[in-house]
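The values are calculated or read from the model by the stated rules, or taken from the named source; none is laboratory data. Because the structure is a prediction, the values reported are computed rather than measured. Cβ: placed from backbone, ideal geometry, glycine included. Neighbour counts: every protein chain shown.
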Amino acid sequence: MPGDEGKAAQGHLQIRFLPKKENWAKYVKTSKAVDTIEREINNIDEQGMDFIASDQSCLNWTGDCLVVGLSEESLPLTGILSDLNDKVAGLLQTLIDEEAFEGKAGTTAITRLGLASPIKKIGVVGLGSSDGMTLEDLRRGAAIAARIAQKAKSRSLGISFPVWNNSQSLTAQVLSEGAILALHQDHRFKSEPEKNKVELDQIHLLSFPGEEEALKTAKIVCEGVILARELVAAPPNVVTPDKLAETAADIARDHGLALKILEREQCEALGMGAYLGVAKASELPPKFIHLTYRPEQSSTGATVRKVAMIGKGLTFDSGGLNLKTGGSGIEMMKIDMGGAAAILGAAKAIAQLKPDVEVHFISAATENMVSGHAMRPGDILTASNGKTIEVNNTDAEGRLTLADALVYADKLGVDAIVDLATLTGACVVALGDDIAALFSPDEELSQSLSAAAIVSGEKIWQMPIEDKYFEGLKSVVADMKNTGPRAGGSITAALFLKQFVKETPWAHLDIAGPVWSEKENAYNSPGATGYGVRTLVQWVVGS
Ligand code: BES
Ligand code: MG
Ligand code: ZN
């Protein structure tokens, strides 16, 4: 990839992120399609920066801004921190005293050092109690460090944080993830660039010598997250089913994955009546996306594990003839392809991290629209496994598209299927904006996904698949209705999906809440979060 190569300097590796806009012309000459290059450059707009795993410590680093991560127990300052305080003429302690800084998680303080100082500013970030400190606490701390340095208009940042549980590499990775994700900003749809913006262009992870691989992993994972964020944030007149298919094609070409796009006729031939019922009202052709990553050669020689991940890919959900009304958030329904965005982001990362696992990435992409061709409330659709569905609500469209995607994935002979979907408002009522619901009849699969989510820092809560509630989906005329009673709405949605999986261990993640955030959090500006990418990658690569 142009501009992507590391370069050795002073015994450590520098990772050069994708080029800044000034360098477009240079890359237009490469063999890549210009639109792909533009897209990539836009994606990583703010990150034309060097990320360095440094053997320097906070005592000998020089630069614009040094940020020290402090747990509650690291106060009062001792050892190297006390030496650092001496080095900055006691101003670190003065800062701590004046701001009554106690190391509480998420708190910060920053001050200017003397004009003769080799470090211009010094900041502190609270990491909370070191007892029970998680990787996510460090990820968030590094994100805050990057944000305060950026706000202080620093060009170079030195991050001096503790190592988690003696895991130097994992710590380096999560610190990098926090900083990269915090600095990502999306100005694609603004006509004017921000004025007088000073950008951070160097971040040094201090006392992490030899951790170049961890930084590279972080960069790859974050590129996947950023792709997902940008797909979700883009409006529905830009990210159409065709655009999702094109994005899959870019990933396939850039990283050597196999790609199958099934057009409407091919889906018809496969009997995908549920998916096509939803697609009928749209002027835009549906695209059934199937990307496959196959490991080159299993390093162990054993048969490789095979998994499938499915993402709900509704590029806009108007509700159909059960039209979403004012106050229902219809204007936000571009986010209804957050599942598809997550699997595409994961595909981009997994293709580069090259695990010994075969991974299928699937999305039945379409829009849910109104027209004279639209499916009617009361229509009966037949899914590709032969089951009949009475559509008693056209706004429960995601499960109709997923039904055929699940039947398709089930035939691939994989060891596990995971679907991610912005499926129900009921899930947001239950768990709020930060937490996804996990439904699975398979305890082992639930455990492995939950364990991955703990490392990735994405919040997941297991919910019951209460078979008795399927009664609410009973239809007088067909095998089932597509919606049940209001109560337990995210559970009946999961039960509906379960009808389309035979024996394969399967899990469903309802990501309607965390796909988007109105608030700024440590490493997320308000907007699309890229939720799911990190957990999916960790689930496949980390296990
Ligand atoms: N895409 C929505 C679910 C959604 C709601 C996602 C809020 C993100 C934020 C889904 O297609 C939908 O409309 N679900 C209905 C189901 C109902 C008709 C049973 C809902 O949740 O209201
Ligand atoms: Mg809907
Ligand atoms: Zn929807």
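A few points about this structure:
- The set of residues in the stretch 423-437 that are among the β-branched types (Val, Ile, Thr), within 16 Å of ligand 2 (Cβ to nearest atom) and either farther than 18 Å from LYS334 by Cβ or not in a helix (DSSP H, G or I) (or both) comprises THR424, VAL429.
- Screening LEU157 with (1) assigned to a helix (DSSP H, G or I); (2) among the aliphatic types (A, V, I, L, M); (3) in contact with a Cys (Cβ under 6 Å, 6 or more places away or on another chain) gives one miss only, at (1).
- Exclusive hit being hydroxyl-bearing (Ser, Thr, Tyr) and buried (at least 18 other Cβ atoms within 10 Å of the Cβ), set SER57, SER74: SER74
- Taking the stretch 433-476 as the range and being hydroxyl-bearing (Ser, Thr, Tyr) and in contact with a Phe, Trp or Tyr (Cβ under 7 Å, 6 or more places away or on another chain) as the test, the residues that pass are SER440, SER448.
Conditions (1) within 16 Å of ligand 1 (Cβ to nearest atom); (2) surrounded by fewer than 20 Cβ atoms within 10 Å (Cβ to Cβ); (3) in the same structural domain as LEU406 (by TED's automatic domain parsing); (4) β-branched (Val, Ile, Thr), marked per residue:
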site	(1), (2), (3), (4)
GLU443	no, yes, yes, no
LEU449	no, no, yes, no
SER490	yes, no, yes, no
PHE496	yes, no, yes, no
PRO505	no, yes, yes, no
ASN524	no, no, no, no
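- Residues that are closer than 20 Å to LEU536 by Cβ, more than 15 Å from ligand 2 (Cβ to nearest atom) and of a type in the set (D, E, K, R) were ranked within the stretch 283-326; the one that is surrounded by the fewest Cβ atoms within 10 Å (Cβ to Cβ) is ARG294.
- Of everything in the stretch 382-409 that is in a strand (DSSP E or B) and either within 16 Å of ligand 3 (Cβ to nearest atom) or among the charged types (D, E, K, R) (or both), the residue that is nearest to the chain's Cα centre (by Cα) is ILE389.
- Within the stretch 293-333, the set of residues being in contact with a Ser or Thr (Cβ under 8 Å, 6 or more places away or on another chain) and without any contact (Cβ under 8 Å) to a residue 60 or more places away in the chain comprises VAL304, ILE330.
- When GLY329 is tested against (1) within 16 Å of ligand 3 (Cβ to nearest atom); (2) crowded, with 20+ Cβ neighbours inside 10 Å; (3) over 20 Å from LEU276 (Cα atoms), only condition (2) is not met.
- Qualifying residue in the stretch 204-223 (condition: of a type in the set (Lys, Arg) and outside any helix (DSSP H, G or I)): no
- Residue under evaluation LYS354, criteria (1) within 12 Å of ligand 1 (Cβ to nearest atom); (2) surrounded by fewer than 18 Cβ atoms within 10 Å (Cβ to Cβ); (3) charged (D, E, K, R), criterion not met: (1)
- Summed over the stretch 410-422, residues that are outside any strand (DSSP E or B) and away from ligand 3 (no atom under 16 Å from the Cβ) total 6.
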